[in-house]
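In what follows, a single structure is set out as structure tokens and then discussed.
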Amino acid sequence: MADLYLSELTLSHFRSHRSVQIACDGRPIAIYGANGAGKTNILEAVSMLSPGRGLRRAKSDEIARAPERLGWKVVGVLRSLGQIHEVETRAEHGQNRSVSIDGKSAAQIALGRIARVVWLIPAMDRLWIEGAEGRRRFLDRMTLSFEPTHAEVTVAYEKAMRERNRLLKDMVRDAMWYKALEDQMAEAGYAIITNRAACIARLQKAMNAAETSFPTAELSIDGDLIDSKEALQEALDQSRPNDLRAGRTLVGPHRADMAALYTAKGVEAKQCSTGEQKALLISLILANARALSQDFGAAPIILLDEVAAHLDATRRAALYDEICASGAQAWMTGTGPELFEELGDRAQHIEVAEDGGVSQLTIR
């Protein structure tokens, strides 16, 4: 049985689900049904039991079930490292989401102290060929899984950078206006750089040490070469004339990019085939899970949306074998039960259907 898993999940007015309750036993969970039935919404609900805005990065009011728009609630009974926690997150209409753990109000960062959640969704499939912003977000999400405070330093950096950019757009030239903001950016920015580097090192070690059916990669970060807080402060100071001309900050961790080299072929991920790019993403998620298992003491909860549709039967079986061997509770979606045949009774199987706008779940 997994050392970290949800034993109960309850949704209220969450996306398409008016009221849903799922009892779990620690095994992986295969969720299948027609497109639009609400499978991904269940995974999104689980993702809300971790810091951040969930796998869709949605605003609170976007999550509430239409047409009622009464707000929403997710409650999970979480078994983590021998302890049991009741975790609740909710948002009333027009309000930010709140979190409580064991009946006491808590900050979102507290969720990262009792559980770790990682995910792979179809929107990430073009990660290697689109802009650097998506790769930074992907890297920061993996970094957050190792270091829950990463979200705080990222928010602090972005807030100070917005203020600095406002000064730049207003063509303010007095250095005194910039100093305090650049001090804040340097402190938070160097923490971001350090956290990301530690994440990449953990992932690379987990990849190199594993026997896996999925391709390994050589990971690197382009643009985060600053080696101290003072160096980042100096870089911001020196870049100010160029930044004034551009009207925005041109140096710092917000300009970084994550790169991956397909080890077996010596080819950059962006030049690989679509199937190879997907396999590399899966490999990264599995490496993230293996590293977290050692770092946190338990394999994370893994969310894999429509992952089986892109794999042949042999690759699917290999993925399921690795998940089961890891001891992780993986929540996976697909359009039909045939996509999960290789799992057999190693997983719970849930069919999701919609009847008159109401979700119906059949647990097998």
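Every number in this text was worked out from the coordinates using simple rules, so none of it is lab data. The structure displayed is predicted, hence computed values, not measured ones. A quick note on method: Cβ atoms are made from the backbone with ideal geometry, for glycine too, and the neighbour counts reach across all protein chains shown.
For Lys39, which lysines qualify as cross-link partners when the Cα separation must be under 26 Å and same-chain residues fewer than eight apart are set aside?
The qualifying lysines are Lys59, Lys73, Lys278.
For Gln238 paired with Glu163, estimate the spin-label separation in nm (one decimal), with each label point 7 Å from Cα along the Cα-to-Cβ line.
2.5 nm
So how do 11-24, 235-248 stack up, highest first, on mean other-Cβ count within 10 Å? Show your work: numbers first, answer last.
Details: 11-24: 18.9, 235-248: 14.8.
Ranking the peptides 11-24, 235-248 by packing returns 11-24, 235-248.
I'd like the distance separating the alpha-carbon centroids of region 53-83 and region 235-296, in whole Å.
29 Å
If you find the alpha carbon centre of region 300-364 and of region 123-170, how far apart are they in angstrom?
First find each Cα centre; the distance between them is then 31 Å.
At 4 °C and 1.567 mPa s, what whole-number value in µm²/s does Stokes-Einstein give for the translational diffusion of the chain, with Rh from the Kirkwood sum over Cα pairs?
Values: Rh = 21.7 Å.
It diffuses with D of about 60 µm²/s by this estimate.
For region 114-175, what does the alpha-carbon gyration tensor say about shape, rounded, prolate or oblate, given a ≥ b ≥ c as the root eigenvalues, a/c under 1.5 as rounded, and a/b over b/c as prolate? Walk me through the numbers before you get to the answer.
Values: a/c = 4.51, a/b = 1.70, b/c = 2.66.
Oblate, because a/c is 1.5 or more while a/b does not exceed b/c.
What is the local net charge at Ala186, summed over the other residues whose Cβ is closer than 13 Å to its Cβ (Lys, Arg +1; Asp, Glu -1)? Don't skip to the end; give the middle numbers.
On the way: positive: Arg164, Lys179, Lys229; negative: Glu182, Asp183, Glu187, Asp227, Glu230, Glu234, Asp237.
Residues close to Ala186 contribute a combined charge of -4.
Roughly what angle does helix 150-169 make with the longest principal axis of the chain, taking Cα atoms, 0 to 90 degrees, to the nearest 10?
40 degrees
Using the Kirkwood formula on the Cα atoms of region 135-253, what hydrodynamic radius do you get, in angstrom to one decimal?
Numbers: mean 1/r = 0.0646 Å⁻¹.
Hydrodynamic radius (Kirkwood, Cα only) of region 135-253 equals 15.5 Å.
Counting Lys and Arg as +1 and Asp and Glu as -1, what is the net charge of the other residues whose Cβ lies under 12 Å from the Cβ of Arg162?
On the way: positive: Lys159, Arg164, Arg166, Lys169, Arg248; negative: Glu158, Glu163.
Result for the neighbourhood of Arg162: +3.
Could you work out the relative contact order of region 1-79, using alpha carbon pairs under 8 angstrom and six or more residues apart, expressed as a whole percent? Working shown, then result.
Details: 118 pairs, mean separation 34.9, N = 79.
Here the relative contact order equals 44 percent.
For the chain, calculate the relative contact order in percent as a whole number, restricting contacts to Cα pairs under 8 Å that are 6 or more residues apart.
Working: 668 pairs, mean separation 90.5, N = 364.
Averaging sequence separation for qualifying contacts and normalising by length gives 25 percent for the chain.
Can you tell me the relative contact order of region 211-329? Whole percent, Cα pairs under 8 Å, sequence separation 6 or more. Before the final figure, lay out each step's value.
Details: 102 pairs, mean separation 32.9, N = 119.
Contact order relative to length: 28 percent.
Tilt of helix 274-296 relative to the longest C-alpha principal axis of the chain, in degrees (0 to 90, nearest 10)?
Tilt of helix 274-296: around 90 degrees.
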